[in-house]
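Below is one structure, written out as structure tokens; the observations come after it.
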Amino acid sequence: MTHNLIKKLRHMDFPECTREALQHLTSIFSSQDSVPGLSHGVEALAADICQEFILFKSKGKPQKTLPPIEELQLLQMLCTSFNEASQKSKYQIFNAIFCPRGDNYSSSLLTKLVSMALSISCSPVLDCAAIWAQERGCSTRPVQQLTLRLVEDYCLLFVDPSIVFQKLPSTSPLFVCNFITSVTMLYPFQDTRSVPPLCLLEHVTEWINTDCTLCCESVRQSRIHNNYSSPIPGLTGWCVRGIILSKYLLNSAKNSSEDSSKSSQDVELEKATKLLNLLSKLHLGLLQSLQFCQTNINNISQYLITVMNMLDIIHSLIIVCRACSVTPEEESLHTALERFSQVIQVSAVSGCLGVETGKLNEFRNIALNSFPRNRLLHMVLAFLTGENQQKVQTRP
Amino acid sequence: MASSGENSMLSDAEWLVMRARGYAKSDPWAAKAWLITARTLFPGSFLIQFESYQLEKGARNIKDAAVHLEDMLKNFQHEANLWNEVQSILEALQTDSGTQDSKNNFLTEIFAATPTHVQCQMLLSVADKMKDVLERCRLLLLAMKKFPNLVTEHGLKLVEMLCVEESRTRMTSPVNCYRKLFVCDILPLVLQKNRHLNIPSGQLFLWLQRAVEFYISFITQPAIMDTPLSPDMMSPTKALAKRVVSIPGLLERECQITDPWGNLFRLLQLVGSHVGWEMEADVFTKSRDYQWQYLLSLYNRKKTSCTDEGRKQILYTCTILFLQCLYSYVSHVDAENFAGVFASTGLSAPVVLVEGFRSDNDESQSQPRLKRHRSDQSLPQIQPSSSIHNASSITLNFLTALKCFELLHASDELRREFISLCQNWQMETWSWMGHFQTDMFLYQGAFQEAVAQIQSFILGSKDKMKLRMSLQLACAFYCLRNFSKACDVVMDTVDLLDRVGGDEPIEVKDSMVLGGEGRQLLLLQCTDQEILPYCIQLLIACLKEKAFSSLGSDMLLGHLLVLLQFDWPRQDQLFNDIIKKIRTQGTFTYNLFFHYIFCIDILEEFALLDTADGGRVNLDIMSVSTKVISQQRTVTRGLNKGVKEDFRATLEKQVQNLGEPIHQIIHRFLQEERALIIQNL
């Protein structure tokens, strides 16, 4: 029977064979709904169908590439079948197609599929891609590659804000959430080379500030999918290191009058000022997103930020300060510390901060010894240790 | 340096607020972020919470400000600053939406953005804290208007509070702040929102009575202008439109009652619905005739069943209809004394109802019969002056009021209850009720009563109203055949006219003498144009009565001749009668003739009388009587001839002399010969 199906498909031309193959795939996963996991035979059949009629990779033969028109047809068929497939089987199909081997062809097809899904607002494909990214881990190569392509297509190619990106939160909030996590890794904002593109920062800030539920989308999903991902540590890093770097950029733009043209100096000045503005707004959005968790998520399975993340950030801050030769009394340093303190404070009170007492002490020592005295940081640290002691006390 | 500022004087919470404030202008996001952090550090700090509210308010973020406000109301109920803020929000709510500035508008929007239960909590808690009854009522009223389900709980309490406060503060006038809120705002709400009130109907009727008393006093009180005249108000039309009734204790906008009668009718209907009356919903918007027919059929239906409740329905419906008709009518009589909220009557002077004069053709009926019986089908007709453009509605209101008044006296019980209402309202002090009664007596032919009524009011009156009463008094005396008194009063009346002696001739538009069957009344405007001709006519009528009776004299005939000049030649019939009488007598003595008679037609007629063709009447009309001359001198034959030549010469001279306007001559005549005229009557 299995062979018959494959044989039958082999007798068909594109696009009929692929359309038929997708229908079979959908029915295979839908009919198996009640049984968790597929029997080995059926799973193998699904894998074979995907390989041969969607990725066009037959055993022992070179990769067949479709002409652009046909490839476009393929992408459309995929979007349509994801729209029509039952809620539970959507990701199973996606997984069957894109998961087994991250070869070049399949990842390039994935990038094209996501790009198309973005432009036609196809939520199921974006949701699946988001889960895929989360399962793979946002820092992994395929995910970073996809992210880079999207940033290039939607933020760098045109300077004007992309409408596709503007409406993205309503199409797939989970995709936005994991995309943010991924871009904070792609552009960690830890030196002048890793500053996120202004247009990207604008989009991210706008998303966060208009919808404070976005940041915890991935944590909500983690009840189903085991891999943890949170945009909060990355965004906090942006806010904390960003201010030092942006101030540095601003100062170097101001001082570069000798060796650069007037106009390019103006551009740099404007860019640095915009960065500073956006970071302030982003920081507020971040606090509001954390606050939202307090009132709306009673038992999130995982923390949005941990003391480990905090340690990473404070280490990186020390490095950035050193690289930018920040003096202890510099205002930007205090602003950075205060923003950091605020995120820590609000996430702690909102129940989003994972605390291990040992790590907290480590963090406390570094924070107090590496930086000049800052009243807010002291207040927050006192609050944290106090609260932690209370927790220990209340726990029998 | 602010960012690392170690302001050790400040507490942590104060320092956080200070830091947030530092960013308020330069970086609003940072300011907000600081306050979010501050709130997590000190969740019990009102200072921080209030600052957050202020920040959102300053940034005009209605939704966020509302959230903070709600939060504070939940957690900081004892903070004075919070209640000050709530109070200013509620004050903004209460200000007139028309005059609202942007600040008030914004506060109103914050209020609107809070959840309903919070709005309700704000209103009730603030109202609860209010010591001043008026303030409290205002807020509770606002609360009830916004949340109608509060009416059942608070409505009756509020009613009681206002009633108690009104009597406690010993308000002298029914137009006071407590009564206004009670009658215009709370009572309709309570009656409307409570389907089943557990209130005895007697109590409801008492409330209705208080409402009637309020509205009547409100619309009949003279307008007060307490706003200084701004330049654009100097124009008379604007000044008129701006006439405002002020009620002590209330704001100007609260004193505006746009449709008092409509409100009263609606209240009547609400009370009616609670005591189970069957009422036509829109009867009060229909025509007067319809309203009267409705009332009459109601009366006829209820007359047979004769229940207490049926009678109450007649009593209140009829009384209120009566009052409205009466009011509409009297606003054309005494407009100056009525509050300016009402449409100007469009007339320049009060209207006055007086007896009409019969033409000489039907002499037999010329006397009005005293006290007509009601069974008499031929009710008097009212003939309005052509200058009164809305005469038909004035007449209709008068007649409907009259019919209602009669209906209210149709049975003993009704009369008793109506009189008791009148006593409660102290109706005897309402001047406009007096005006109506006078007119009613005149209409009914109850002249004796009319005289008594007028005499009790005339002393305190002035200007046009005095003129009006004076005229009606003369009229009543005339009808009572007390001619000398009538003439006396008429001449008083003429003295009151201000333009007598002016240069402009008075043009008599309408004839005062009416034809047709039955008694007729005239509806005139109290202008000189209309009053003077009527006065002259009344004098003529009085003199005529006497002159052609057995007590007649040449003096009376002479006076008549003088007066006939006024509206010459309209009453030539009377003139012919006089000439006929003189011919028959063969002599005529009137030494004032050349003082006052300048009418060529009359002079010619007299020139003729003297001749053989004219009947050789022996005329003694020179200023100095021929009799006197003959007594002074020895009678010789030639003397009479000389006299005759004098007469001719005087006649001719008189014709050329006419320069003085005729109304001035008449006026002079009435002034100079007043005693003589009265004496002869």
So for region B:1-129, taking the charge dipole from beta-carbon charges (+1 Lys/Arg, -1 Asp/Glu), which of B:41, B:107, B:29 sits furthest toward the positive end?
B:29
Just to check I understand the Karplus step: with θ = phi - 60° and J = 6.51 cos²θ - 1.76 cosθ + 1.60, what whole-Hz values come out for region B:23-37, glycine and proline as x?
9, 3, 8, 6, 8, x, 5, 4, 4, 5, 4, 4, 6, 4, 4
Of B:481, B:195, B:358, ordered by accessible area with the largest first and a 1.4 Å probe, the sequence is B:195, B:481, B:358
So what's the angle, to the nearest 10 degrees on a 0 to 90 scale, between helix A:87-98 and the longest Cα principal axis of chain A?
90 degrees
Can you tell me the dipole magnitude for region B:148-328 around its Cα centre, using point charges on the Cβ only (Lys, Arg +1; Asp, Glu -1), in Debye to the nearest 20?
280 debye
Antiparallel DSSP beta bridges within the protein assembly as shown, percent to nearest 5:
35 percent
If you count, for every residue in A:333-344, the Cβ atoms of partner chains within 10 Å of its Cβ, what is the mean?
3
Search the structure for amide H atoms under 5 Å from the amide H of residue B:358, placed 1.01 Å from N in the peptide plane, and list their residues when 5 or more places away or on another chain.
B:514
Could you sort A:280, B:550 by accessible area so the largest value comes first, with the probe set to 1.4 Å?
B:550, A:280
Summing both sides, how much accessible area is buried between B and A? Use a 1.4 Å probe and give Å² to the nearest 100.
2100 Å²
Just the number, please: carbon plus sulfur as a percent of the accessible area of region A:74-217, 1.4 Å probe, no ligands or DNA/RNA counted.
53 percent
Work from the charge dipole of the protein assembly as shown (Cβ charges, +1 for Lys and Arg, -1 for Asp and Glu, about the Cα centre) and give the residue of B:584, A:26, B:619 farthest towards its positive end.
A:26
From the mean inverse distance of alpha carbon pairs (Kirkwood) and the Cα radius of gyration, derive Rg over Rh for chain A.
1.05
Counting partner chain Cβ atoms within 10 Å of every residue's Cβ in B:37-45, what's the average?
5
Name the aspartates and glutamates eligible as straight-distance cross-link partners of residue A:8: C-alpha to C-alpha under 15 Å, and not fewer than 8 places from it in the same chain.
A:16, A:20, A:48, A:52
Given the protein chains as shown and a 1.4 Å probe, how many square angstrom of residue B:151 are accessible, to the nearest 10?
0 Å²
If every Lys and Arg gets +1 and every Asp and Glu gets -1 at its Cβ, then about the Cα centre the protein assembly as shown yields a dipole, in debye to the nearest 20, of 2160 debye
Please work out the average accessible area per residue across region B:148-328, using the 1.4 Å probe convention, and give it in Å².
47 Å²
Through the Karplus equation 6.51 cos²θ - 1.76 cosθ + 1.60, θ set to phi - 60°, convert the phi angles of region B:193-203 into ³J(HN,Hα) values in whole Hz; use x for Gly and Pro.
8, 8, 5, 10, 8, 8, 10, x, 4, x, 5
What lysines could a cross-link reach from residue B:286, if we take a straight Cα to Cα line under 19 Å and drop same-chain neighbours fewer than 8 places away?
B:403
So the angle from the long Cα axis of helix A:375-394 to the longest Cα principal axis of chain A, reported in degrees to the nearest 10, equals 60 degrees
Solvent exposure ordering (accessible area, 1.4 Å, most first) of A:254, B:544:
A:254, B:544
Excluding ligands and nucleic acids, what accessible area in Å² is computed for residue A:80 using a 1.4 Å probe, to the nearest 10?
70 Å²
So for region B:148-328, using the alpha carbon gyration tensor with a ≥ b ≥ c as root eigenvalues (a/c under 1.5 gives rounded; past that, a/b versus b/c decides prolate or oblate), I'd call it oblate
Not counting ligands, DNA or RNA, and with a 1.4 Å probe, what is residue A:220's accessible surface area in Å² rounded to the nearest 10?
90 Å²
Sorting B:409, A:325, B:602 by the position of each Cα along the dipole of the protein assembly as shown (Lys, Arg +1; Asp, Glu -1; all at Cβ), the one nearest the positive end of that ordering is A:325
Taking the Cα centre of region B:101-178 as the origin, how large is its charge dipole in debye, to the nearest 20, when only Lys and Arg (+1) and Asp and Glu (-1) carry charge on their Cβ atoms?
80 debye
Can you list the lysines whose alpha carbon sits under 20 Å from that of residue A:359, skipping same-chain ones fewer than 8 residues off?
A:391
Going by the alpha-carbon gyration tensor, a ≥ b ≥ c the square roots of its eigenvalues, is region B:1-142 rounded (a/c under 1.5) or, if a/c is not under 1.5, prolate (a/b greater than b/c) versus oblate?
prolate
For the protein assembly as shown, shape from the Cα gyration tensor axes a ≥ b ≥ c, cut at a/c of 1.5 then a/b versus b/c, turns out prolate
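The values are calculated or read from the model by the stated rules, or taken from the named source; none is laboratory data. Here the structure is a predicted model, which means the values were calculated and not measured. For neighbour counting, all protein chains shown are included, and Cβ atoms are generated from backbone atoms with ideal geometry for every residue, glycine included. We work out accessible area using only protein heavy atoms, side chains counted, and drop any ligands, DNA or RNA first. Shrake-Rupley method; radii C 1.70, N 1.55, O 1.52, S 1.80 Å.
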